[in-house]
Amino acid sequence: MAHSDAQALAAWRLAAEPFYQPTGDEVARFQAATAQRLPVLIKGPTGCGKTRFVEHMAWRLGRPLVTVACHEDLSAGDLVGRWLLDAEGTRWQDGPLTLAARHGALCYLDELVEARADATVVIHPLTDTRRMLPLAQRDEVVPAHPDFQLVVSYNPSPLAREMKTSTRQRFCALEFGYPAPEREAGIVARESGLDIGRSAAIVAFGVRTRRLQGQGLDEGASTRMLVHAALLVQQGLAVGAACAMAVADALSDEPGVRQALHAALDASF
Ligand code: ADP
């Protein structure tokens with residue numbers, strides 16, 4: 001392993017256990033997929049704990065975690081690597097997917113459907129029994145390390161792109177939603193340090209916003225937003241003001257929806 005690869009992987013190893021509150025048997029299911037080296041698709045709305053879960057699983061499995069936030073300009077080269085030109089000539093630099101496949105990391109492609117089509121296709125040979133990554137530009141085929149596992153996330157919202165069947169059918173899926181209110185209050189309290197009573201009140205407001213989904217609102221408050229509200233309360237803001245700032249005013253610019261959100265605020269606090 002090249003020195004810089006070793007450094008990169010060491011940096012990707014989680015030093016401490018990331019707190020994750022399970023909402024069902026997702027830990028056991030993920031472990032079953034890992035044991036059989038199956039790729040996993042995590043579906044769910046934004047901010048509901050998908051990334052935190054993957055971090056937690058990487059820590060549990062003792063594997064480095066390579067995360068790539070996919071976006072519309074992300075190409076196959078960004079994932080597999082490319083030839084670079086420097087003072088000494090050309091040299092190959094492995095991309096994050098190649099590093100993970102070579103050295104046995106968990107590779108998390110966040111919102112894979114956002115990436116360009118060529119980036120999506122590049123994962124195909126890694127996600128079937130071949131478990132290998134062809135580097136056409138380098139004339140090399142990288143066999144995946146036994147500890148390599150691919151995890152991708154997907155938010156099936158009306159605004160999101162559809163995942164192609166040919167990609168979708170390669171994965172086992174775990175469906176995530178918002179945790180039950182008591183659990184979510186526990187998460188908000190733990191993440192912010194706020195007391196459980198006020199955390200539960202923030203969650204109750206969050207649940208109200210989720211009922212507005214489909215009525216001009218694509219998604220209600222995420223757990224992430226509720227944690228933000230609790231952090232603002234920790235700074236001395238009143239609970240209602242914190243929820244207005246972290247949730248109601250952040251969620252939508254549409255006057256009708258904002259009015260409905262502020263009505264939910266008034267009803268809650
Ligand atoms: P996403 O689903 O968009 O990947 P994240 O995993 O980043 O969402 O979750 C957003 C935040 O919500 C986290 O940083 C964490 O504070 C909190 N969170 C959500 N669900 C959980 C959970 N089950 N256990 C612990 N924290 C959670």
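The values are calculated or read from the model by the stated rules, or taken from the named source; none is laboratory data. The shown structure was predicted, so the numbers you read here are calculated from the model rather than taken from an experiment. When we count neighbours, we look across all protein chains shown, and the Cβ atoms used for this are built from the backbone with ideal geometry, even at glycine. All accessible areas refer to the heavy atoms of the entire protein, side chains included, with ligands and DNA or RNA removed. Shrake-Rupley method; radii C 1.70, N 1.55, O 1.52, S 1.80 Å.
Summary of values
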{"quantity": "Residue tally, condition touching a residue at least 60 places away in the same chain (Cβ under 8 Å) and under 21 Å from Tyr154 (Cα atoms), over the range 72-109", "calculated": "1"}
{"quantity": "Strands (runs of 3 or more DSSP E) contained entirely in the range 59-153, each with at least 3 residues that are open to solvent by less than 20 Å² (accessible area, probe 1.4 Å)", "calculated": "65-69, 106-110"}
{"quantity": "Residue under evaluation Ala173, criteria (1) out of contact with any Ser or Thr (no Cβ under 9 Å at 6 or more places or on another chain); (2) outside any strand (DSSP E or B); (3) open to solvent by 10 Å² or more (accessible area, probe 1.4 Å), criterion not met", "calculated": "(2)"}
{"quantity": "Pairs, first more than 14 Å from Leu106 (Cα to Cα) in the range 35-61, second modelled with pLDDT of 95 or more and away from the ligand (no atom under 14 Å from the Cβ), C-beta under 7 Å, six or more apart", "calculated": "Lys43/Ala173"}
{"quantity": "Members of the range 180-232 found to be among the acidic types (Asp, Glu) and either at pLDDT below 95 or open to solvent by 10 Å² or more (accessible area, probe 1.4 Å) (or both), listed by number", "calculated": "Glu182, Glu191, Asp195, Asp218, Glu219"}
{"quantity": "Selection count where residues are under 16 Å from Val66 (Cβ atoms), open to solvent by less than 60 Å² (accessible area, probe 1.4 Å) and either assigned to a helix (DSSP H, G or I) or in contact with a His (Cβ under 8 Å, 6 or more places away or on another chain) (or both), scope the range 1-40", "calculated": "6"}
{"quantity": "Selection within the range 220-262 - in contact (Cβ under 8 Å) with a residue 60 or more places away in the chain and either assigned to a loop (DSSP other than H, G, I, E, B) or over 27 Å from the mean Cα position of the chain (by Cα) (or both)", "calculated": "Ser222"}
